[in-house]
Number of protein chains: 2
Amino acid sequence: MQAVLERWGGPLPLFEASRAELESLGLRRTAIDFIVDPDPSLIEPDLAWLAEEGNHLVTLNDPAYPALLREIADAPALLYLRGDPAMLGELQLAVVGSRTPTAGGRRAAYDFARHLGGAGLVITSGLALGVDAAAHEGALDGGGRTVAVVGTGLDRVYPARHRELAHRIAERGALVSEFPVGVGPRPEHFPRRNRIISGLSLGTLVVEAAVRSGSLITARLAAEQGREVFAIPGSIHNPLARGCHGLIRQGAKLVEQASDILEELGQLAGVALAVGAEGAAAGGPETGGGERDGEYGRLLDCLGFDPLSMDRLVACSGLTAEAVSSMLLVLELDGQVESLPGGTYFRTPHEEPQ
Amino acid sequence: MQAVLERWGGPLPLFEASRAELESLGLRRTAIDFIVDPDPSLIEPDLAWLAEEGNHLVTLNDPAYPALLREIADAPALLYLRGDPAMLGELQLAVVGSRTPTAGGRRAAYDFARHLGGAGLVITSGLALGVDAAAHEGALDGGGRTVAVVGTGLDRVYPARHRELAHRIAERGALVSEFPVGVGPRPEHFPRRNRIISGLSLGTLVVEAAVRSGSLITARLAAEQGREVFAIPGSIHNPLARGCHGLIRQGAKLVEQASDILEELGQLAGVALAVGAEGAAAGGPETGGGERDGEYGRLLDCLGFDPLSMDRLVACSGLTAEAVSSMLLVLELDGQVESLPGGTYFRTPHEEPQ
């Protein structure tokens, strides 16, 4: 589908293409059949869903499409979203882990999400049982916002017992899917869904994970996408710590407390975060401080007191979307920048020092 | 003292030196006073101790002085030893940690030492309460051997409740100290003692350690001495896991089971260890295989069916003592080489394949 958009800049001219041209794009047979001989009944459920309040479609070329997700190799062409579309442009941290965590693991997911959600990061997860649910709940209970990327159409909730949680998420964040209305849960959907969870996020935190689990797939995808991977260690007698220990051996950052993550995301952008005594480094950045200062200067020069989208800031500063994302997080936590619903940013008005 | 030995090749010519020459060597005032006007009563306790069976003095130039310890910057000039002096030439793993571990930490120290002691590594620790004691006991109970490096003269046992344990260690391994007979425990002795624990060993395993603890000093010394550092992770709610987590962040190898250590020491020497299914890597060495194979060939060429000391093997092969140590461990675990009490090595006689 990305090939289609690259060639024509949007889906509409497709309907004027020949079957041979469509086949050359590698489209699926069912998609070609629909394009050559459109049957409106096939998209009626989507259109009916879209007519409901709070439901949105976001295409790859839409300015509301999340910049970090657009960077990944197999970015979904279309996102179904229920809730606040501005969530997509917010700085996100993925929190994933076992569907059957220990009590300590569930608690860690909840506490980290509550703390980090309260600090301004959107907590993104997969609405699954266990760690996912604890992360969504922690973010909501901490007054933060959360995004659930699911493996079904958004007219359904899987697992069914998370109906109430899904409702809270749609009200205070967003439910997101690449699957059309009416699509049920299928095993092959979940690994696909995981690339969106990691792709939306600056980094992925793995709380508890067995060896060869879906959470490790998400972590691997995050690493392949050039994002940070964080893992919480545990007792060597806890089988659900094994996955995290394996990640740490492969280079994931070992984290003991939420401030470790804020500090790391801060260092990613080259400055020590002022996040309080607990997690703050005493000195400045270890390397590249001068250059980074220059990049911050460029970004701050682009920012004004009128809100700007991240895409505009990327274009203005000449920095990558990832760098701008993390620098905005740093500046926001530092009180120099504020964000508005809709994913726009402006400089915090300060009074002149006397 | 090392300066003395380097200039004269031994301590005896000192007694012909002038006070000015002695001062130029940076010797302590009390040592100079003794050399200029020797008072035999000062060394009588040492001589009386040395006359007892099982007690030994090993000087830096003695062939029995451990090769790995000789490599460190501030190697002790003299070691007092009670037990089997051949222990000094054996391949050692230091196991250190908190004096007040959790039940799980104590158990881990015991289990790792029991397993690794049984696999042929000498377990070296500091005779302290907690992790040290559990490591010595695990090694002994597993039929292995163990070395205790202490911070007092060897006529004393500190802490006193380890008298029985010290006795077992002297019978099945060795008690080692750089402090003369009659010296009691003093706080400044223990950090000094730690450099010997790490300096004797191929690597140091830290089991549980608080932030800013003596075990972390040992780990830092091991790293500075170019040795491996291993750390066992734990729950983020366990304060005694913090020190280990800090080490892992700084590059220590995260270990979950004893085979992780055998595997790592094997990779150190460039080959995958055949240590059974649990810890064995499937393939060969990842890098430098060809060169390493050549080094193994050189070492095996030096080895015959008559036992040779490690010093002889170092001289013959032209490799460093550290490389020879770890390669001998690998070859020993692989069944190609056997060692004898006294720290000598020979090729295992194999029947020709039919």
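Criterion first (in contact (Cβ under 8 Å) with a residue 40 or more places away in the chain and surrounded by fewer than 20 Cβ atoms within 10 Å (Cβ to Cβ)) does A:Phe179 satisfy it? Here the answer is no, as A:Phe179 does not meet what is asked.
For the stretch B:95-103, check the following and say yes or no: at least one residue is in contact with a helix residue (DSSP H, G or I) (Cβ under 9 Å, 6 or more places away or on another chain), within 21 Å of A:His237 (Cβ to Cβ) and open to solvent by 30 Å² or more (accessible area, probe 1.4 Å). Yes, that holds for at least one residue.
Suppose the filter is buried (at least 23 other Cβ atoms within 10 Å of the Cβ) and within 19 Å of the chain's Cα centre (by Cα); does A:Leu165 pass it? It is false that A:Leu165 is buried (at least 23 other Cβ atoms within 10 Å of the Cβ) and within 19 Å of the chain's Cα centre (by Cα).
Of all the residues in the stretch B:57-96, those that are of a type in the set (Lys, Arg) and in contact with a strand residue (DSSP E or B) (Cβ under 8 Å, 6 or more places away or on another chain) number 1. Tallying residues that are at pLDDT 50 or above and within 14 Å of chain A (Cβ to nearest Cβ) within the stretch B:266-294 yields 1. Scanning the stretch B:203-215 for residues that are in a helix (DSSP H, G or I) and crowded, with 24+ Cβ neighbours inside 10 Å yields a total of 1. If you filter the stretch B:217-246 down to residues that are more than 7 Å from chain A (Cβ to nearest Cβ) and of a type in the set (Val, Ile, Thr), you find that the one that is surrounded by the most Cβ atoms within 10 Å (Cβ to Cβ) is B:Thr218.
Within the stretch A:56-74, being in contact (Cβ under 8 Å) with a residue 60 or more places away in the chain, closer than 20 Å to A:Leu154 by Cβ and open to solvent by 10 Å² or more (accessible area, probe 1.4 Å) holds for one residue alone: A:Ala64.
Scanning the stretch B:30-82 for residues that are among the polar types (S, T, N, Q) and in a helix (DSSP H, G or I) turns up B:Thr30, B:Ser41. Whether any residue in the stretch B:314-321 is at pLDDT 60 or above and farther than 22 Å from B:Arg227 by Cα is what I want to check. Checked the stretch B:314-321: at least one residue is at pLDDT 60 or above and farther than 22 Å from B:Arg227 by Cα.
Selection of first residues in the stretch B:252-265 that are facing chain A (nearest Cβ under 10 Å) and of second residues that are among the hydroxyl-bearing types (Ser, Thr, Tyr) and open to solvent by 10 Å² or more (accessible area, probe 1.4 Å), restricted to Cβ pairs under 9 Å at least 6 apart or on distinct chains, gives an empty result. Return the pairs, sorted by first residue and then second, in which the second residue is of a type outside the set (Phe, Trp, Tyr), the first residue lies in the stretch B:22-47 and is open to solvent by 50 Å² or more (accessible area, probe 1.4 Å), the beta carbons are less than 8 Å apart, and the residues are 6+ apart or on different chains. Note: pairs meeting the criteria are B:Glu23/B:Ile32; B:Gly26/B:Ala3; B:Val36/B:Arg19; B:Val36/B:Leu22; B:Pro45/B:Asp155; B:Pro45/B:Pro180; B:Pro45/B:Val181; B:Pro45/B:Gly182.
Being over 28 Å from B:Val255 (Cβ atoms) and not assigned by TED's automatic domain parsing to the domain that holds B:Glu322 is the requirement here; does B:Pro191 meet it? Against the criterion (over 28 Å from B:Val255 (Cβ atoms) and not assigned by TED's automatic domain parsing to the domain that holds B:Glu322), B:Pro191 does not qualify.
The values are calculated or read from the model by the stated rules, or taken from the named source; none is laboratory data. Just so it is clear, the model here is predicted, and its values are computed rather than measured. No Cβ is skipped: glycine too gets one built from the backbone with ideal geometry, and neighbour counts run over all protein chains shown. The accessibility values were calculated without ligands, DNA or RNA, using every heavy atom of the protein model including side chains. Shrake-Rupley method; radii C 1.70, N 1.55, O 1.52, S 1.80 Å.
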